[in-house]
1. Please give the FRET efficiency for N323 paired with T39, using the beta carbon to beta carbon distance and R0 = 30 Å, rounded to the nearest 0.05.
2. Once the Cα gyration tensor of segment 99-166 is diagonalised, what are the square roots of 5 times its eigenvalues, in whole Å and ordered largest first, as equivalent ellipsoid semi-axes?
3. Of M303, M227, M161, M1, how do they rank once you tally other Cβ atoms within 10 Å and put the fewest first?
4. From the backbone phi of segment 270-283, what are the Karplus-calculated ³J(HN,Hα) couplings (6.51 cos²θ - 1.76 cosθ + 1.60, θ = phi - 60°) in whole Hz, Gly and Pro given as x?
5. Looking at the calculated P(r) for the chain, what percent of the C-alpha pair distances fall above 31 Å?
6. For L93, L71, L200, what's the fewest-to-most ordering of other Cβ within 10 Å of each Cβ?
7. Select from segment 290-356 those GluC sites (Glu not before Pro) which occupy a DSSP coil region and have at most 12 other Cβ atoms within 10 Å, ordered by residue number.
8. Would you calculate, for the chain, the mean residue ellipticity at 222 nm contributed by helices, counting each DSSP H stretch of 4 or more residues as -39,500 (n - 2.57) and dividing by all residues, to the nearest 500?
Amino acid sequence: MEKQIAVIRGDGIGPEIVDQALRVLDAVAEKYGHTFTYTDVDMGGIAIDKWGEPLPAAMLDKCLAADSVLLGAVGGPKWDGLPGDKRPEKGLLALRAGMGLYANNRPAKLWPQLAAASPLKPEIVEKGIDFIVVRELIGGVYFGSHTTAECGGEQKATDVMSYAEHEIERIGRIAFETARKRRNKVTSVDKANVLDTSRLWRKVMHRLAEEYPDVEYADMLVDNTAMQIVKAPSQFDVVVTENMFGDILSDEASMITGSIGMIPSSSLGEGSRGLYEPIHGSAPDIAGQNKANPIGTILSAAMMLKYSFDLDEEAAAIEAAVNKALDAGLRTGDMMAEGCTLVSCSEMGDAILKNL
Ligand code: NAI
Ligand code: MG
């Protein structure tokens, strides 16, 4: 298979962690007979320095011409003083909008070797945590009208939440398709006992569930879901929900797994092209020191192979190689524990490559 990947190294630890992920992709290409070619894309602080804006149009075009996009992280104190629309993070928002990405997918997987880092009790962790939150990304209350007005001698603020059927259906499809690549179970999260948007959400999801009879389906209210994520997370496979609920639940889900440096993510829209990135930022405090954990980025590359290129076996091979490095007791600083061996970013990359 031949694929062209747009690569955004970004700022801070971005270049260090992306380089490790590219080494892993190259090793996979060689082992399985694929050709991956890379196009460098400037985005974020580095693009501001070079081109005067966080995502020049030509850079977005490069991403749109690629089969998928791999991103490290952007931003840092150097650009903190810039006005809102000139900041590095603006590049990320423009990229998501420009690529039409409406589904943000964040796996919450607890690696058994890092179980002690989870804030949950051992008897809960033992049952396994391995689910993915599929969050609607460009609709709902975050994108509704926001107003503040004078009303009866005080100020009154209003935020409008709305969803159209097609917006619900397209995110629902991503959830059901994702479940087919995992353990075939979808939990749709809403607040249908109160909100009209949620009642419509539920209606559309039920219609979709009939189209996917092989996928087990359940509804769950969002407040109950917040409780179940800490009480019995092993029950979940794919959790699909609207923008604001997903924002909150995906952060809750990432905390129960331990280290921020381990968690990948994808953002998807129409077609197979996606944006793949670790959930952490550019970690300016450790940038340029070869100390960062590259695993979140390496697992993001694995997600790209699985969800954009249908290369399930190759993705599984990367996960197995990561698992083996953790089994061997290798840890970067963020996940270091007693009895383990402290390694650098590139040494972690070396170990994962060797395991491949
Ligand atoms: P951060 O995620 O960059 O760092 C938080 C803490 O986690 C730091 O102590 C950092 O050293 C550590 N950390 C993060 N990733 C790590 C890794 N792979 N290995 C080891 N340790 C790791 O969040 P922070 O400090 O709030 O933001 C720093 C910059 O990153 C800001 O400019 C922010 O706007 C930007 N940012 C960018 C994101 C993106 O590109 N998607 C997402 C979040 C923040
Ligand atoms: Mg958030």
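1. Details: r = 31 Å, r/R0 = 1.02.
After rounding, the FRET efficiency stands at 0.45.
2. Details: eigenvalues 314, 74, 16 Å².
After scaling each eigenvalue by five and taking roots: 40, 19, 9 Å.
3. The fewest-first ordering by Cβ neighbours comes to M227, M1, M161, M303.
4. Computed from phi, the couplings for segment 270-283 are 5, x, 8, 5, x, 10, 10, 7, x, 7, 7, x, 8, 6 Hz.
5. Summing the P(r) of the chain above 31 Å gives 35 percent of all pairs.
6. Details: L93 13, L71 27, L200 18.
The order, fewest Cβ neighbours first, is L93, L200, L71.
7. Values: sites: E313, E314, E319, E338, E347; in loops: E338.
Listed in order of number, the matching sites are E338.
8. Rounded to the nearest 500, the figure is -12000 deg cm²/dmol.
Coordinate-derived values only; no laboratory data. Small disclaimer: the values here were computed from a predicted structure and weren't measured. As a convention, Cβ positions derive from the backbone with ideal geometry for all residues, glycine included, and neighbour counts pool all protein chains shown.
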